[in-house]
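To start, the structure itself, in structure tokens.
The values are calculated or read from the model by the stated rules, or taken from the named source; none is laboratory data. Remember, it's a predicted structure, so these values are computed and weren't measured experimentally. Cβ placement follows ideal geometry from the backbone for every residue including glycine, while neighbour counts extend to all protein chains displayed.
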Amino acid sequence: MQSTALLPLLQLASPSLPIGAYTYSQGLEPSIENGMVKDESSAREWIIESLGIVADFEAPILWRLLKAFSARDTEAVTYWTEFFIAARDTAEFRAETIQMGFSLGKLVVDLKIADDSLLAILASQPEIPLPTAFACAAEALAVPHEDALRGMLFSMVENQVLVCVKSVPLGQVSGQRLLLSLHSSIDAASLRAQQLKDDELSNWAPALSLLSMRHETQYCRVYRS
């Protein structure tokens, strides 16, 4: 990719970007609580399973949103935005994507990085989930679609690794080794997301949904999902 697109992508995908990603575990905290994730090996297994779910649903929707924003297709953006929100099957998962999407969307506006056509599409959405805001920001920053997709996947994986480092807990070396070992899985998830047809998308993950619902009433918790 061009160096002019690399720096915006690094900024967009960074967990330090103030949209609150670090406050969510995406269902990982209850799995640590009940002993499903207890060491580096089980953490890697969990993250690979999570990547598979994302590759089948969230990532291909992001891919479609990137194309829709690029074409300035308001109807397509609205369709995939509503489709994604409707598929959030627990209160926490829905609140997570809406909160981070709102925060990133506000940054797009406040930083004045998007043209009027992109801002108009964003403003037309009653609610903005994270994939919609991310796609808009990537298009505004002229990040190539393939790289934006990989950036989103890496950001999600890095956040999961950080949760494991802090909460399992894993050491820093273990966390870096875990992250390094997942690069090929990220590439595979990105490729799959680009190839799936509309009728092949699926967010079927009943065990993850149950863990998320348990987290809503978990006695002691650090994260918001």
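Are there any pairs, at least 6 apart or on different chains, whose C-beta atoms fall under 8 Å, with the first in the range 148-173 and free of Cβ contacts under 8 Å to residues at least 60 places away in the same chain and the second part of a helix (DSSP H, G or I) and among the β-branched types (Val, Ile, Thr), and if so, which?
That search, which allows pairs on different chains as well, returns Arg150/Ile186; Gly171/Val165; Gln172/Val165.
Between a residue in the range 101-123 that is over 19 Å from Pro15 (Cα atoms) and any residue that is assigned to a loop (DSSP other than H, G, I, E, B) and charged (D, E, K, R), which pairs come within a Cβ distance under 8 Å, given they are 6 or more apart or on different chains?
Ser117/Arg72; Leu118/Arg72; Ile121/Arg72
Which pairs do you get when a residue that is at pLDDT below 80 and of a type outside the set (Val, Ile, Thr), found in the range 11-30, comes within reach of a residue that is outside any helix (DSSP H, G or I) and surrounded by fewer than 23 Cβ atoms within 10 Å (Cβ to Cβ), reach meaning Cβ atoms under 7 angstrom, with the pair 6+ apart or on two chains?
What qualifies is Ala21/Pro15; Tyr22/Pro15; Tyr24/Tyr223; Tyr24/Arg224; Ser25/Tyr223.
Table: residues versus (1) within 16 Å of the chain's Cα centre (by Cα); (2) among the acidic types (Asp, Glu).
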position	(1), (2)
Glu139	no, yes
Met156	yes, no
Gly175	no, no
Lys197	no, no
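Condition first: more than 17 Å from Met100 (Cβ to Cβ) and part of a helix (DSSP H, G or I). Now tell me which residues in the range 111-133 satisfy that. Before you say what the answer is, go through the steps one by one.
Residues of the range 111-133 more than 17 Å from Met100 (Cβ to Cβ): 112-121, 123-124.
Selection gives Asp116, Ser117, Leu118, Leu119, Ala120, Ile121, Ala123.
Answer with yes or no whether Ala86 is of a type outside the set (Asp, Glu), under 17 Å from the mean Cα position of the chain (by Cα) and either surrounded by fewer than 16 Cβ atoms within 10 Å (Cβ to Cβ) or modelled with pLDDT of 95 or more (or both).
So Ala86 passes the test.
Just checking, how many residues over the range 1-59 are surrounded by 21 or more Cβ atoms within 10 Å (Cβ to Cβ), of a type in the set (Val, Ile, Thr) and farther than 26 Å from Phe83 by Cβ?
2
Can you tell me which residues in the range 124-147 are surrounded by fewer than 20 Cβ atoms within 10 Å (Cβ to Cβ) and within 18 Å of Lys67 (Cα to Cα)?
Ser124, Gln125, Leu141, Ala142, Pro144, His145, Glu146, Asp147 - these are the residues of the range 124-147 that are surrounded by fewer than 20 Cβ atoms within 10 Å (Cβ to Cβ) and within 18 Å of Lys67 (Cα to Cα).
Can you tell me which residue within the range 180-201, out of those that are of a type in the set (A, V, I, L, M) and surrounded by fewer than 17 Cβ atoms within 10 Å (Cβ to Cβ), is farthest from Ile47 (Cα to Cα)?
Among those that are of a type in the set (A, V, I, L, M) and surrounded by fewer than 17 Cβ atoms within 10 Å (Cβ to Cβ), it is Leu191.
In this structure, does Glu82 turn out to be under 30 Å from Ser174 (Cα atoms), among the acidic types (Asp, Glu) and out of contact with any Cys (no Cβ under 6 Å at 6 or more places or on another chain)? Walk me through it before giving the result.
Values: under 30 Å from Ser174 (Cα atoms): no; among the acidic types (Asp, Glu): yes; out of contact with any Cys (no Cβ under 6 Å at 6 or more places or on another chain): yes.
Spelling it out, it is not the case that Glu82 is under 30 Å from Ser174 (Cα atoms), among the acidic types (Asp, Glu) and out of contact with any Cys (no Cβ under 6 Å at 6 or more places or on another chain).
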